[in-house]
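Novice: I have a structure here, written as structure tokens, and I will follow up with some questions on it.
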Amino acid sequence: MATCTTIGITSVASNWESTSQVLCYEESRDKADDLSFRWNTTPQSSSFKRKLFNFFDYFRRKRKISNDANETATITPSSNSCHYSDKERDNSVVQNSMDNLHSEQHTDPFDSLKYLAEEEEQFKQIACDHSTFLQPAMEMLNAIKENKWDSSIFKRATAYDYLLYLYLNKYINEELFGDIQINWLQPLTQFDKDTEITAEPLLGKFTAKSVERVCFDEVSSFFNEKLTADEQKLVRSMPRQKTWYTKVVLSKDSKLEKYLTGEWFRSRPNTYHGCTEAPCETEVGSWIGTFDRLISSFKLHKPSTSKDSDVIILLPSYHIVACLRDFHSVNPPKDRVKPFLCFASPNLEEFIQLRREKAHPVSLYHQRARDNLLKPDKCQSGCFGGSYHDLVHLEILSRFPAKLREDALDIYSHIQNLEVILKSETSPEKSRIIYAIGEIYKQALATNHIESRYAARLKGSAYSDSNIRSIVDRWAHQFKADNFVDLVDMDFITANKIGSITFLSDSNECLSADNFCHIVLMLMTLNNLAISEYFLTQSLDTRSNKINLYRMICDFKAKNSGIYPNIPPRELLLPKVN
């Protein structure tokens, strides 16, 4: 089973121009201080890139600066998970008080290791191996305290172990660990020529002219057109230690630089840009463009005219990303999705459990982890991009009400229950589902609900009862809840794919026989409220088609109550159709 952090935003990265639906929310006027939203989709003629940008920008400009912008916390060495003598502690521990974004430790540091396989015990031993790691870890802690980001301690092959040692032994908290890991060690590994890197099939060194850590004030001019005045004011109000940026200046004439400026495609217009098994700078470049579009504090600077100017990538601190994400969120703090820092990736059930707990995994790189996220959505991201890919998901999740997230999980849980029924050889509900869908399919054909230009419009002898039964049987046999897993990750918001999320409001039941069966199944088994909110909310023509289909289903139920499917929901908050 594919790991769930790879469920993602391929459609965002690759289908900017092809998607014709964009999700919008309209602010309720009922309460002046509370943002509540209702679902609506509006067809647009502009590119998806512009629509999504406008959608996000709406919330940036509507929200006031958060009152909790100045929340602070201290990170001080605490008693270790693996104890050593008081003498060692007295000689070695550096008292380091630093302001951080959140005051409490959200998770046990060792939880970050729970998705590792055989390596988990090896990683746990890092916390106890004081003879190997205590001295260099304290050297790293001093460098962090004194902002000596050019220290060689960060460029060693074992730098990830030193940082993990500090985190597991609680010398630094979750936010500072995430910031140094995501915003410094991983970019150094990817771009700095002097940083040691472990060779992997999907990972290579992309040499840059320079990689340095700078404060927001030093690069704020790059954000004059990207961040609003309120956003910039909020970032400037943060303690200086939170506002570090990693500034990557790309080498002239590198493939990545040429790709980001467009020269690579102009010089090689027929070159295939797709997934490869060798380190691919063009795929990483595609991700960098995506991060620039979807993370407001991330910046890709490309020279407009002068060939003497450099291409610069500005990677925001973990603190800035989190602060602006909360600033943009439409949910109160208790309902916001929190990042869960982890090595490797959860499986599907673990991912669903995280989402139920209002958390989203943020995958971290380590050269000894066997399951690093180097190819999210089947597109290479390098060792730094996997984390930012997950931060993009958190950014998107912050824009949607908690109820929408919960309903999506409940609908997916309902689909899992339907899969169990459809795979059963003895369930009477399976026979009822197949019979009902077959009868509704025949009625839809007889009433010309499905136009001849669509594939679901069967031809000639295909109208026969036996042929329709065969089509529905094949559909039931192939039905898999995994095909709808985008519901779990909210990816249906930006996707427009056939064969996986086909029953959603932006899909057309007439496109294929499978599409028709999917949508009829959902209209048969969900309640009226869910159907009206999530299946009948698109452009007028398509909505009218589904309304007619829904009426057809309700009429069938009224006339055939004895054979109509009675599906008991499992972990489903939404009741059945009444």
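The values are calculated or read from the model by the stated rules, or taken from the named source; none is laboratory data. Values in this document were obtained by computation on a predicted structure and should not be read as measured data. Using ideal geometry, Cβ is built from the backbone for each residue, glycine included, and neighbour counts are taken over all protein chains shown. For the accessible areas, the whole protein counts, side chains as well, though only heavy atoms, and no ligand, DNA or RNA atoms are used. Shrake-Rupley method; radii C 1.70, N 1.55, O 1.52, S 1.80 Å.
Let's see how each residue does on (1) under 29 Å from Q478 (Cβ atoms); (2) in contact with a strand residue (DSSP E or B) (Cβ under 7 Å, 6 or more places away or on another chain); (3) open to solvent by 30 Å² or more (accessible area, probe 1.4 Å); (4) not in a helix (DSSP H, G or I):
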site: C383; (1), (2), (3), (4): no, yes, no, no
site: Y388; (1), (2), (3), (4): no, no, no, no
site: L418; (1), (2), (3), (4): yes, no, no, no
site: S431; (1), (2), (3), (4): yes, no, yes, no
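Novice: Can you pull out every residue in the range 472-511 that is among the small types (G, A, S) and at pLDDT 85 or above?
Specialist: Result: A476, A481.
Novice: Out of the helices (runs of 4 or more DSSP H) lying entirely within the range 174-226, which hold 3 or more residues that are open to solvent by less than 10 Å² (accessible area, probe 1.4 Å)?
Specialist: The qualifying helices (runs of 4 or more DSSP H) are 174-180, 186-191.
Novice: What's the number of the condition W287 fails, among (1) out of contact with any helix residue (DSSP H, G or I) (no Cβ under 9 Å at 6 or more places or on another chain); (2) open to solvent by less than 30 Å² (accessible area, probe 1.4 Å)?
Specialist: Single failed check for W287: (1).
Novice: Within the range 244-268, count every residue that is surrounded by 20 or more Cβ atoms within 10 Å (Cβ to Cβ) and modelled with pLDDT under 95.
Specialist: Residues meeting the conditions: 7.
Novice: When both residues are 6+ apart or on different chains and their Cβ atoms are under 6 Å apart, which pairs have a first residue that lies in the range 418-429 and is in contact (Cβ under 8 Å) with a residue 12 or more places away in the chain, and a second that is of a type in the set (A, V, I, L, M) and in a helix (DSSP H, G or I)?
Specialist: E419/A481; L422/A476; E429/I421
Novice: Identify all residues within the range 469-487 that are under 30 Å from the mean Cα position of the chain (by Cα) and among the polar types (S, T, N, Q); write none if there are none.
Specialist: If the condition is that a residue be under 30 Å from the mean Cα position of the chain (by Cα) and among the polar types (S, T, N, Q), then Q478, N483 are the ones that fit.
Novice: I would also like to ask the following. Assuming L163 fulfils every condition listed in (1) in contact (Cβ under 8 Å) with a residue 60 or more places away in the chain; (2) open to solvent by less than 10 Å² (accessible area, probe 1.4 Å) apart from one, which condition is it?
Specialist: (1)
Novice: Sticking with this one: Write out, first by first residue and then by second, each pair whose Cβ atoms fall under 8 Å of each other, whose residues are 6+ apart or on separate chains, and whose first residue, in the range 531-555, is of a type in the set (D, E) while the second is at pLDDT 75 or above and crowded, with 18+ Cβ neighbours inside 10 Å.
Specialist: E533/D407
Novice: Answer yes or no: is there a residue in the range 394-401 that is hydrophobic (A, V, I, L, M, F, W, C) and open to solvent by 10 Å² or more (accessible area, probe 1.4 Å).
Specialist: yes
Novice: It is to be established whether one or more residues within the range 363-374 are at pLDDT 90 or above, open to solvent by less than 10 Å² (accessible area, probe 1.4 Å), within 25 Å of F223 (Cβ to Cβ) and among the hydroxyl-bearing types (S, T, Y).
Specialist: No, the range 363-374 contains no residue that is at pLDDT 90 or above, open to solvent by less than 10 Å² (accessible area, probe 1.4 Å), within 25 Å of F223 (Cβ to Cβ) and among the hydroxyl-bearing types (S, T, Y).
Novice: Criterion first (charged (D, E, K, R), closer than 17 Å to V284 by Cβ and in contact with a helix residue (DSSP H, G or I) (Cβ under 6 Å, 6 or more places away or on another chain)) does K193 satisfy it?
Specialist: No.
Novice: Condition test on T207, is it modelled with pLDDT of 90 or more and either out of contact with any Ser or Thr (no Cβ under 8 Å at 6 or more places or on another chain) or on the phi < 0 side of the Ramachandran plot (or both)?
Specialist: For T207, the condition - modelled with pLDDT of 90 or more and either out of contact with any Ser or Thr (no Cβ under 8 Å at 6 or more places or on another chain) or on the phi < 0 side of the Ramachandran plot (or both) - is not met.
So that you can scan it fast, the table gives a plain yes or no per residue for (1) in a helix (DSSP H, G or I); (2) open to solvent by less than 20 Å² (accessible area, probe 1.4 Å); (3) acidic (D, E); (4) under 21 Å from Q367 (Cβ atoms):
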position: E121; (1), (2), (3), (4): yes, no, yes, yes
position: I126; (1), (2), (3), (4): yes, yes, no, yes
position: T132; (1), (2), (3), (4): yes, no, no, yes
position: E139; (1), (2), (3), (4): yes, no, yes, yes
position: A143; (1), (2), (3), (4): yes, yes, no, yes
position: N147; (1), (2), (3), (4): no, no, no, no
position: D150; (1), (2), (3), (4): no, no, yes, no
position: I153; (1), (2), (3), (4): yes, yes, no, yes
position: A157; (1), (2), (3), (4): no, no, no, yes
